[in-house]
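Taking it in order: structure first as structure tokens, then the write-up.
The values are calculated or read from the model by the stated rules, or taken from the named source; none is laboratory data. Remember, it's a predicted structure, so these values are computed and weren't measured experimentally. In this analysis, Cβ positions are derived from the backbone assuming ideal geometry, glycine residues included, and neighbour counts consider all displayed protein chains. Quick note on the areas: whole protein, heavy atoms, side chains included, nothing else; ligands and nucleic acids left out. Shrake-Rupley method; radii C 1.70, N 1.55, O 1.52, S 1.80 Å.
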Amino acid sequence: MNVDLNIRIHPLTRVEGHGDLLVRVVNGQLQEVHWDVVETPRFFEVMLKGKHYTSAAILTARICGICSIGHALASVRATERAFGVEIPETAAKLRLLAKHGETLQSHVLHLLFLAAPDFLGLPSVLPLLESSPSTVTLAARLKGVANRLCEVVAGRATHPVSIQVGGMAVFPDRRELASLKAELAGAVKDLAAVAELFKGFEMPAFSRETEFVSLKGEGSYPWIGGALLSSDGVERAEGDYLRMTNEFVDERNTSKLCRLSRESFAVGALARWNNNHRFLHPAARAAAEELGLGPDCHNPFKNNLAQLVESIHVVHESIALIEDLLAEPESVQTMAEVSPREGEGVGAVEVPRGILYHHYDYDGEGRVVRANCIIPTTQNNLNIQHDLKRLALDLAADGADDARMERLCSMLIRAYDPCISCSVH
Amino acid sequence: MACGTATRGRPPRRPRGEGFTLYKTLRKEAFRSVVEAILAGSEGVEPRRVGTDRHGKPIHQFLPVERFEDIDFSYDTTEFSAKTYFLPFRERLSTYRFSDGDWEQETRYRAEPRALIGLHSCDIHALLKLDKVFARDWYPSPYYLSRRRNTFILGIDHDPCEGAFCRSLGTDTVTHGFDLFLTDIGESYFAAVGSDRGLSLIDRFGARPITDEDSHRYVAERKRIAALMQNDLNLNNLPNLLDIEFKSPIWEKWGAKCLSCGTCAMVCPTCYCHGVYERISMDFQEGAKIRQLHACTLVDFAVVAGGHNFRPTPESRLKYRYYHQHRGFVEQHEEPKCVGCNRCGRACLAGIAPVDVIRELQEEVAP
Amino acid sequence: MRYLHIDSPRPRIAVFDFTDCEGCELQLANKEETLVPFLNAVEIVNFREIATGAGEDYEIAFVEGAISRSDEVERLKAIRGKARLLVALGSCACFGGVNRMKNAYDLGAANAEIYGRTPKETLPVRSVKEVVPVDLEIPGCPVSKDEVERIVRHLVLDVPFAFHAYPVCVECKQRFTTCLMEKGQLCLGPIVRAGCEAPCPAGGLGCWGCRGPAEAPNLEEFFALARERGFTDQEINERMAFFGGFEGVVVGGTR
Amino acid sequence: MKNLLLPYEVTKEAEMAEPLDFNRRSRLMNTHRVFKAEISSITQLTEKEKLFHIRILDPAERQRFTFLPGQFVMVEVPGYGEVPISIAGSASNRGFIELCIRRAGMVTSVLHRAKAGARVGLRGPFGTSFPVAMMKDHHVLLIAGGLGLAPLRSAILHVTENRSDFRNVHILYGTKSPDQLLFDYQYEQWRRVDGVNLSIIVEEGGDGWTGEVGLVTRLLDRIPIEPDRTYAIVCGPPVMFKFVCNKLGELGIPMRRMFVSLERRMHCGMGKCCRCNIGSTFTCKDGPVFDYWTAINLKEAI
């Protein structure tokens, strides 16, 4: 078949930030396929220079409006490791709870508002307001619980306020925690309905052998800090993140790019699933089986399913965490003493789209000398390109038309749930 | 005098609890049972320690408490007053439901039973002053009355609070406006009973008629507390003084310090100035008429439609605040609005304390 | 919506973003309890973050983000040309936001540090109104959805909107937040415009001023009392410069 | 502590049984209940001012609503807010209430877009009134500047309807420019009332204006005044009534017999919110009509 395709999407919609997709096929031969990140650079790492440690997390949260809690957590962790601060155990629980709130919020937003329209053949979630208002209500309810969880624990859903160097500035209102626990029980049911919905969606049959990088689970599904692990067998300490990412700059992108053992690697829900699925809550594992998500999955479209499975996991774990927290005495400490000192520290956190690193060098006054942030989407960008190339080749060989090529290529990028503003910080 | 009973079309003139007070004694061991009996039947609001300030002193608030252990009766002054339980910061006055160009108005002012436990006498005086505005003046407010009538008040006597000048305003003791008021006289509490519900409550826990000895002890305790009072501000000449000093440079000086942040009025137990605004719901099906506390020190307090501001300077607004507290309210209700708790003075970041402002005003005229 | 015998059609709105984190746009999809009526109140013709399909026939454009590249300037001018009403959404659009701090650094050196030998285009950060005329500014980092909802209702009904003139302190008092200055923290609350409902102090963080100055703030007294409490001019200036809302305001004469 | 007293509740029936005692100690408890009313007609007076005819829908409530010249009502536009508006119509008219409203803030701009048939709410009437009873058998000076004609009109209508109660009647009205003159279509009618003198003056005449030019105080020069038998009502911005009242004072009229109407932003109308306070006086219940002696003694009034 001699097909000519010329697809230019500028910019791709239903993703966070600006990226362009270009696919050119002449006579059935793939000529060009590009995924270019054209987001405006903001130079956060430069702006961090000279900043006092108390403002680092407030500034870096602004890298991203969707995963601001993740940025704040990575930031305070880097600083605490630089200063040698041990945070109280209760603070660690609260941080994980805030993290879960963000993961749930972000995953639900992606699954139902951004990805689901593709499977339903709609341009966005908005037409559903008319055709299936109950789906929108369900999505809004789930996102609402997630956002309230963030608000109660971190003070705000976007750009948190209680996550501070040394721990958590306040212990949440107990009555609100208790009512959240009840709401989360409702979310378990709502997520079951989402799983039903996704069971009906056809995941494109596509697979490409990929290296997956995540935090290494040790006893539990990992979210905040710990060793770094690749499915190709590379294992490094948190502080050794640079050798896990190998960032470089190219001409076309304002985002940097990363690689490890192969031409590219992937991070995110699917990577975490592949590397750590055995630590998931039984309910999440059962849902994975129902959804047809098996171990060692190399179909990037199934990142959607991994997100859904993780959502179920975090809801169950949040309920348990709240029970724990409610048992804490009134006088419980949530902040440790902090005294700045010269030194450097790295904080690695599994944010919704994958592993996020913040790295700061401090002077003796507690001011940043040098900063580096490596974002999940930065790590995924090259892998998206390689996946796209393979997908476009497959589709061209299959004689796909413009519409199909455009739809599946867009879906593939969206499946990564890229956070493009983030990747260009 | 018996308390008025509500009859259709004729609201009682006086809120509950006012009028005759009788005295009893209550054994200290019974106190916990009394409090727990109250908490069992209604929401309880009590002084609770919420943190420490930058000088290491504890900060207290009146907050809902479920357990007796969490109440801290040894508090000095709470950061915020208890007025919020009668005049909430924001309150829905009416709801309008829209339908096809028309609307229906709905107004509700039912209040759930609540108990305020551990109020000091100045805060009870504050309620008596609010009563004058919202319960006994023209157009009694049903919103206020329903809360006032459904709130059980248990007051306690205490050593003078730091910086307070309640004695100058006669609010260091109180004779009515509560259900029960307790003074520590050693083995037991000397209980002033202000209502039938207060009486039947302590009677259930073994309250006894007072003896002469109880009275002596009570008088001695009052004397002890009075001797600890530090501020000796005399406020008799203040209303007159405020008229005369309306153009004093003192206002310029303090006005320059005022942040116009409204904190003084927000923490004040008697400030009731408010604004009324309306909101339409997001589905455009409903409109809400809302009362929100405002403050005379806020920049837009005296702005009229069209944009003119009758009090454009911090100086004019601060002056008005003192004028209303100590001159205007006196004209309306024969007493100052201030109870001397000094919450405004404590909370003011700029350090504008009424004692200092008033002293300066008084010194300005003294030769 | 038909009320007072006035018909109010759903306004056609578009949402665009520039140099930003897209957090303000995200707020438009938040506050779930009223999300469905919110989306029904307007007709969204262009909103890249959540919808495919880019209509050009919008009346009201919400613009998020600061302006820091030449293509952004062009894009913004084109939007201004089409929109009847241009609304700056969030502190970046209103003041330049945190991005504005970039202007304090040498951009060439910054570029070299981040991108090495392949520098990317970047301009000094500007707010939206520094590039095109703006009809309405909604400050906040992020914006308060409640406030956005109110503004949208006013836009639907075509009546003027007024922001609170008073500072954040009022809203802290409203939610019983103990004053953070009293607890020894620096807080810009007394000089910053209210309307956010003061979530930061309640969460244990002093106000950083993302909404910009309140009406007629008493800066002089604020600086004096902050100094008295031991905060340095550098701290106060850094705080005020953080979101760009206090552009040109400096304590102590140096920056 | 269960079974505490339930709040006192008022039904509409109970409320109707009470006398509506304007601005005296009212026992009305449902303080925010409004009379539902319909805008029956709207007249554009000037670019910024419209005259609304408003009819209370319930016939019994309509019958019950009476007011005195100079009082105001709170006009409720559900969902938008309430604004205090002086009644511009005749107190003898039980059919509808006339309100002259300038487009100034949010609520008034909504009202300006409303169409006839729209439903609004009314609370009131509130406030003090012009001393029409005391004015009986006296000469009457009715002086307005700008929008001040709106509250003054209720007094003008009272005087013209009860012409025999008063001696000489002079109406003096001044605005900035001719296009700001309110109720111009009624001047002829007022002039025709036996013994009523109406004078109009504008500050800037412009093309086509053949009438007088200058400040309203100028009109006073030509009027024979018998100071000890005259009452004056002066409505307008403070700067205007200050000049007028000073002039009247020079002519020998006692301050106690000059009346002015003050403007402040009332939120409640019931002396609770303090927004309209002047010094220690509530404009909404101690005013808006004050005699000039009281007005000049209000701190910060003028």
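Tabulated results
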{"quantity": "Heavy atoms of A:Lys389 accessible to a 1.4 Å probe, total area in Å² rounded to 10", "calculated": "90 Å²"}
{"quantity": "Nearest 10 degrees, 0 to 90: helix D:149-161 Cα axis against chain D principal axis", "calculated": "80 degrees"}
{"quantity": "Proximal aspartates and glutamates to B:Lys247, defined as alpha-carbon separation beneath 16 angstrom and excluding residues fewer than eight positions away on the same chain", "calculated": "B:Glu315, B:Glu360, B:Glu363, B:Glu364, D:Glu300"}
{"quantity": "Table column - 3J(HN,Hα) (Hz), region B:101-115, Karplus curve with 6.51, -1.76, 1.60, x for Gly and Pro", "calculated": "x, 10, 8, 10, 9, 10, 10, 10, 9, 7, 10, 7, x, 9, 10"}
{"quantity": "Solvent exposure, largest accessible area first (probe 1.4 Å, DNA, RNA and ligands not counted), of B:His216, A:His358", "calculated": "B:His216, A:His358"}
{"quantity": "Cβ-based net charge around A:Glu337, under 14 Å, with every Lys or Arg adding one and every Asp or Glu removing one", "calculated": "-1"}
{"quantity": "Hull shadow area, averaged, region D:136-204 [alpha-carbon convex hull, nm²]", "calculated": "4.1 nm²"}
{"quantity": "C-alpha center-to-center spacing [region A:359-425, region D:235-302] in angstrom", "calculated": "70 Å"}
{"quantity": "P(r) histogram, all alpha-carbon pairs of chain C included - 5 Å bins from 0, percent", "calculated": "1, 6, 12, 16, 17, 15, 13, 10, 6, 3, 1, 0, 0"}
{"quantity": "Unit charges on C-beta of K, R, D, E only; dipole of the protein assembly as shown, Debye", "calculated": "3500 debye"}
{"quantity": "Where B:Trp103, D:Trp293 fall by accessible area, highest first, once all protein chains stay in place (1.4 Å)", "calculated": "D:Trp293, B:Trp103"}
{"quantity": "Distant-in-sequence amide H partners of C:Ala51 (H built 1.01 Å from N, under 5 Å)", "calculated": "A:Arg14"}
{"quantity": "For chain B, convex hull of alpha carbons as volume per residue, Å³", "calculated": "178 Å³"}
{"quantity": "Stokes-Einstein diffusion coefficient of chain A, Kirkwood radius over Cα pairs, 10 °C, 1.306 mPa s, in µm²/s", "calculated": "73 µm²/s"}
{"quantity": "Listed residues A:Glu39, B:Glu335, B:Glu187 arranged by accessible area, highest first, probe 1.4 Å", "calculated": "B:Glu187, B:Glu335, A:Glu39"}
{"quantity": "Label-point separation, B:Val219 to A:Ala397 (7 Å along Cα→Cβ), nm", "calculated": "10.8 nm"}
{"quantity": "Principal axis box of chain D, alpha-carbon based, largest edge first, Å", "calculated": "74, 40, 37"}
{"quantity": "Cα principal axis extents for region C:169-241, largest first, Å", "calculated": "29, 26, 18"}
{"quantity": "Pairwise centroid distance, computed over Cα atoms, of region D:137-197 with region B:142-194, Å", "calculated": "58 Å"}
{"quantity": "Cβ-Cβ FRET estimate between C:Asp106 and A:Val249, R0 fixed at 22 Å, reported to 0.05", "calculated": "0.70"}
{"quantity": "Solvent-accessible area per residue for the protein assembly as shown (1.4 angstrom probe, square angstrom)", "calculated": "36 Å²"}
{"quantity": "Projected-area average for region D:139-261 over all orientations - Cα convex hull basis, square nanometres", "calculated": "7.0 nm²"}
{"quantity": "Residues of region B:49-63 buried by at least 10 Å² on assembly (accessible area, 1.4 Å probe, chain alone as reference)", "calculated": "B:Val50, B:Thr52, B:Asp53, B:Arg54, B:Ile59, B:Gln61, B:Leu63"}
{"quantity": "Inter-part distance where region A:205-283 and region A:87-149 are each reduced to a Cα centre, Å", "calculated": "24 Å"}
{"quantity": "MRE, 222 nm, helices only [DSSP H, n ≥ 4, -39500 (n - 2.57), over chain C, to nearest 500]", "calculated": "-8500 deg cm²/dmol"}
{"quantity": "Region A:99-163 - Debye-derived log10 I(q)/I(0), Cα point model, q = 0.19, 0.28 Å⁻¹", "calculated": "-0.70, -1.08"}
{"quantity": "Backbone N under 14 Å from the B:Phe73 label point (7 Å along Cα→Cβ), restricted to region B:46-64", "calculated": "B:46-48"}
{"quantity": "Rounded to the nearest 10 Å², the accessible area of D:Tyr292 at probe 1.4 Å", "calculated": "10 Å²"}
{"quantity": "Hull-based mean projected area of region B:282-367, where the convex hull spans the alpha carbons, in square nanometres", "calculated": "9.4 nm²"}
{"quantity": "Chain pair C, B: total accessible area buried, heavy atoms, 1.4 Å probe, Å²", "calculated": "3500 Å²"}
{"quantity": "Vicinal HN-Hα couplings computed from phi for region B:154-168 (Karplus, 6.51 cos²θ - 1.76 cosθ + 1.60; Hz; Gly/Pro x)", "calculated": "10, x, 9, 7, 7, 6, x, 7, 5, x, 6, 10, 4, 4, 5"}
{"quantity": "Probe 1.4 Å - accessible area at A:His107, Å² to nearest ten", "calculated": "0 Å²"}
{"quantity": "Under 22 Å from B:Lys24, Cα to Cα: lysines that are on another chain or at least 8 residues apart", "calculated": "B:Lys223"}
{"quantity": "Per-selection Kirkwood Rh - the protein assembly as shown (Cα, Å, 1 d.p.)", "calculated": "34.6 Å"}
{"quantity": "At least 18 Å along the helix axis (C-alpha) and Kyte average at least -1.0, DSSP helices within chain A", "calculated": "A:68-83, A:89-108, A:133-154, A:174-199, A:303-326, A:376-397, A:402-415"}
{"quantity": "For chain D, calculated [θ]222 nm from helices alone, where every DSSP H run of n ≥ 4 adds -39500 (n - 2.57)", "calculated": "-5500 deg cm²/dmol"}
{"quantity": "Shielded residues, region C:172-188 - accessible-area loss of 40 Å² or more between chain alone and all protein chains, probe 1.4 Å", "calculated": "C:Lys173, C:Gln174, C:Phe176, C:Thr178, C:Glu182, C:Lys183"}
{"quantity": "Neighbour net charge for C:Ile114 - beta-carbon separation under 14 angstrom, K R +1, D E -1", "calculated": "0"}
